[in-house]
């Protein structure tokens, strides 16, 4: 099913389109959480620290491919909104070739540089071997991640957010089952957890690829489309490269923070690993809503529906704020019980560290919610460079303050946690101010 977001109701259309994306990523977070729970309870705190640190590394690597896919998705949405099928199919071919080549290069590079990467992350000796065992296997899923994100972005760009959800649901359930089998029944340790993830990723990536090519012939390039046209490549590179920079800079900043966290030892690493999973699960819906909002804006931008974009901005801001306030209350109230899901009895130091993180981050979820909407807006109106600026402000502040504040003995790791919402709020102020000053240029003048 393809959904045209240029007509009909505004709020309902965005929410209906966003719901499958939200459910899909919640499922993805659930199987990430399943990894963490199984590893933390069955293999201990050191294994939890290793897998958690590897998760941050993998998030950075796949964010490059995700950013490229999101940028090309904005191009696809504009073509779909403008009803330009020929340009859309040429774009599908060009984007697949360019992003696929990037995926192959990344995969080769990480295998060649595994040990330098682990040393850069300041991985403690106690968990170094475990982390190396895990990443050696999990890197095999990078190409599968490319396939899934590329075809999911393509289908969502033309209004189909349901099919990617279905493939992700199958993958999530398979991952949980394989986790239990390869860690608890067949005692393969962290390698078993990594293999479970890789197999699930390939099921989702290869399955969605085959389905999209077979069931959506209007999106499948014919031989005449299989040439790299300069104008198409230029537009895709412009949108994708800057979106990629935005995503990768964001996650590289998080990777640098992970290195700082690692320097505080395995207990802080383990607490951070569990708390980040809870944190990601909590705000993931508003991140997906931001991506759905971006598709909505891009389709209407391609169709020249200025007033509809303005109505969408107001509706999206209201919905995101309401959601974030509810999640803030829940995470702050239940931080302790949530942390205890991931660790065994007697690990109260890990629980206390994680609770401190969650209560500081959770109090400011409205900040990250606003930022996701701003990223989506600027990507959709061909201003991806502004998303890079906002990311640089958010992450630059986070990294600088994390290192400065954590060096103060009286502050310690709490300084790492506090740096995050400060960065969010500064980026929000910049993005909203820019929109208010330039909105006529960005989306057109107000209707008379």
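The values are calculated or read from the model by the stated rules, or taken from the named source; none is laboratory data. Just so it is clear, the structure is predicted and the values come from calculations on it, not from any experiment. Glycine also receives a Cβ, built like all others from the backbone with ideal geometry; neighbour counts cover every protein chain displayed.
If the condition is being assigned to a helix (DSSP H, G or I) and surrounded by fewer than 22 Cβ atoms within 10 Å (Cβ to Cβ), then segment 146-164 contributes 162, 163.
Yes/no per residue for (1) within 28 Å of residue 406 (Cα to Cα); (2) at pLDDT 90 or above; (3) surrounded by fewer than 18 Cβ atoms within 10 Å (Cβ to Cβ):
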residue: 309; (1), (2), (3): no, no, no
residue: 318; (1), (2), (3): no, yes, yes
residue: 324; (1), (2), (3): yes, yes, no
residue: 329; (1), (2), (3): yes, yes, yes
residue: 342; (1), (2), (3): yes, no, no
residue: 348; (1), (2), (3): yes, no, yes
residue: 369; (1), (2), (3): yes, yes, no
residue: 373; (1), (2), (3): no, yes, no
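Filtering segment 376-434 to residues that are modelled with pLDDT under 90, crowded, with 23+ Cβ neighbours inside 10 Å and more than 22 Å from residue 289 (Cα to Cα) leaves only 398. The helices (runs of 4 or more DSSP H) falling completely within segment 329-448 that include 3 or more residues that are free of Cβ contacts under 8 Å to residues at least 60 places away in the same chain and more than 24 Å from the chain's Cα centre (by Cα) map to 335-340, 413-443. Taking the stated definitions as given, is residue 34 assigned to a helix (DSSP H, G or I), touching a residue at least 60 places away in the same chain (Cβ under 8 Å) and surrounded by fewer than 24 Cβ atoms within 10 Å (Cβ to Cβ)? So residue 34 fits the description; yes.
Conditions first: (1) surrounded by fewer than 17 Cβ atoms within 10 Å (Cβ to Cβ); (2) touching a helix residue (DSSP H, G or I) at 6+ places or on another chain (Cβ under 6 Å); (3) assigned to a helix (DSSP H, G or I). Residue 249 passes all but one, so which condition is the exception? The failed condition is (1).
Taking the numbered list (1) more than 22 Å from the chain's Cα centre (by Cα); (2) at pLDDT below 90; (3) closer than 23 Å to residue 200 by Cα in turn, residue 126 passes all entries but (3). For segment 210-219, the count of residues that are surrounded by fewer than 20 Cβ atoms within 10 Å (Cβ to Cβ) and in a loop (DSSP other than H, G, I, E, B) is at least one. Candidates 77, 72, 63, 53: the one that is at pLDDT 80 or above, under 18 Å from the mean Cα position of the chain (by Cα) and crowded, with 24+ Cβ neighbours inside 10 Å is 72. For first residues located in segment 178-198 and closer than 15 Å to residue 30 by Cα, partners that are surrounded by fewer than 16 Cβ atoms within 10 Å (Cβ to Cβ) and modelled with pLDDT of 90 or more and lie 6+ apart or on another chain with Cβ distances below 9 Å form the pairs 196/181.
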